[in-house]
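The values are calculated or read from the model by the stated rules, or taken from the named source; none is laboratory data. Computed from a predicted model, the values in this text were never measured in an experiment. All Cβ positions, glycine included, derive from the backbone under ideal geometry; neighbour counts span all protein chains shown. Accessible surface areas use protein heavy atoms only, side chains included; no ligands, DNA or RNA. Shrake-Rupley method; radii C 1.70, N 1.55, O 1.52, S 1.80 Å.
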Amino acid sequence: MTTQITSARPAAGPRKESRRRPPASSATTVGRPGFAWALPAALFFALFAIVPLIMVAVLSFMSWDGISPPEFVGTDNWSRLVDDPVMLKSIWLTLLLTVLGVVLQTPLSILLGVWAAGHQRNRAVLSVIYFIPLLLSATAVSVLWRALLDPNFGIPADATWLFGDGNLFGEQATAIGVLAFVSTWQFTPFHTLIYQGAARAIPPVLYQAAEIDGAGRYRQFFHITLPQLRTSMITSMILMIVGGLTTFETVLILTQGGPGTDTTISAYYMYDKAFKSFDYGTGSAIALALVVASTIISLIVVRVSGYDKMRSSAEGVS
């Protein structure tokens, strides 16, 4: 008699099936868009930016009055600019207005942007009113302030106790002050919008931790808010610098480079040479110099500030 011994096996529980992720279909795969998506924008940029820039560079070595055929003159246009006292003066005036724009607009934009990012009463209504200049063109703003500051019919005519004879455009100092004021009034809302968005992106936990440590509003502003706005500050300053170097409509409408050449900045001098004196070669040389100067200064700001080394998209994190 044989006895079969069977080993007892533990009762098998419910078998868990391994869950496998289904292969991602092409419709759900998220990847970097191909070059075809950027092709229309690239063609538009090349047609209206790169090609005209190349034509201006070529024309800067030509002598052309807009009617007769262009004549190659080599570096004569550039040589005349180096020895032109008006050009040298316009460079100084351009740098002066650019520095004034950065100095005036940066602190105002930061303070207003941080305030607009809060939850104060009537904040939305006041922000909408303040952002109205942002909706107007530079030409409309210049025409508006030209009428308001007219020495015969504007505000200075009724406030001689403050403005003297009322002719704010008759002296270099006051004319430059008017240009700086109008540019600040027009473009500060734009930079305020940049800082408003950046301030709202700051994690609230930073302020909560600072309050626990006993930090007041001023310490929070200087030790949390400003460092977190670093990348936005660099972006804003680059836009201010490029905008200051290429300012044109404000000078054209408000002062027309006067009195004399006391407010003739480089962009307006380019216009004067090309479209008033019909010296398109010299005007093209000035335009190309402005493009090169704006690019170099922007690259210097990026390099010095360390903006090119920042890897995170979060504000203030490098």
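What number of residues within segment 207-220 are open to solvent by less than 40 Å² (accessible area, probe 1.4 Å) and closer than 16 Å to residue 114 by Cα?
2
For segment 42-51, give me the residue count where each residue is open to solvent by 70 Å² or more (accessible area, probe 1.4 Å) and over 16 Å from residue 291 (Cβ atoms).
Counting residues in segment 42-51 that are open to solvent by 70 Å² or more (accessible area, probe 1.4 Å) and over 16 Å from residue 291 (Cβ atoms) gives 3.
Could you list all residues from segment 147-173 that are in a helix (DSSP H, G or I) and open to solvent by less than 50 Å² (accessible area, probe 1.4 Å)? Reasoning before the result, please.
Keep residues of segment 147-173 that are in a helix (DSSP H, G or I), which gives 147-148, 155-158, 160-163, 172-173.
Hits for segment 147-173 are 156, 157.
Which condition number does residue 264 fail, the rest of (1) buried (at least 22 other Cβ atoms within 10 Å of the Cβ); (2) in a helix (DSSP H, G or I) being met?
Condition (2) is where residue 264 drops out.
If you go through segment 174-185 one residue at a time, how many are open to solvent by less than 20 Å² (accessible area, probe 1.4 Å) and closer than 15 Å to residue 113 by Cα?
Result for segment 174-185: 1.
May I ask you to verify whether residue 88 is closer than 30 Å to residue 283 by Cα and either part of a helix (DSSP H, G or I) or of a type outside the set (A, V, I, L, M, F, W, C) (or both)?
Values: closer than 30 Å to residue 283 by Cα: yes; either part of a helix (DSSP H, G or I) or of a type outside the set (A, V, I, L, M, F, W, C) (or both): yes.
Judged against the criteria, residue 88 is a match.
Could we say that residue 244 is open to solvent by less than 30 Å² (accessible area, probe 1.4 Å), at pLDDT below 95, in a helix (DSSP H, G or I) and touching a Ser or Thr at 6+ places or on another chain (Cβ under 6 Å) here?
For residue 244, the condition - open to solvent by less than 30 Å² (accessible area, probe 1.4 Å), at pLDDT below 95, in a helix (DSSP H, G or I) and touching a Ser or Thr at 6+ places or on another chain (Cβ under 6 Å) - is met.
Could you list all residues from segment 123-146 that are closer than 16 Å to residue 247 by Cα and either outside any helix (DSSP H, G or I) or in contact with a strand residue (DSSP E or B) (Cβ under 9 Å, 6 or more places away or on another chain) (or both)?
136, 137
List the residue pairs whose Cβ atoms are under 6 Å apart, where the first residue sits in segment 174-198 and is farther than 26 Å from residue 264 by Cα, the second is of a type in the set (Val, Ile, Thr) and in a helix (DSSP H, G or I), and the two are 6 or more positions apart or on different chains.
Pairs found: 195/110.
Scan segment 221-241 residue by residue and report those that are surrounded by 14 or more Cβ atoms within 10 Å (Cβ to Cβ), closer than 26 Å to residue 124 by Cα and among the hydrophobic types (A, V, I, L, M, F, W, C).
The answer is 221, 224, 226, 229, 233, 237, 239, 240.
Which residue, of 46, 57, 41, is in contact with a helix residue (DSSP H, G or I) (Cβ under 6 Å, 6 or more places away or on another chain), modelled with pLDDT of 90 or more and assigned to a helix (DSSP H, G or I)? So that I can check it myself, show each step before the final result.
Values: 46 fails: in contact with a helix residue (DSSP H, G or I) (Cβ under 6 Å, 6 or more places away or on another chain); 41 fails: in contact with a helix residue (DSSP H, G or I) (Cβ under 6 Å, 6 or more places away or on another chain).
None of the others qualify; the one that does is 57.
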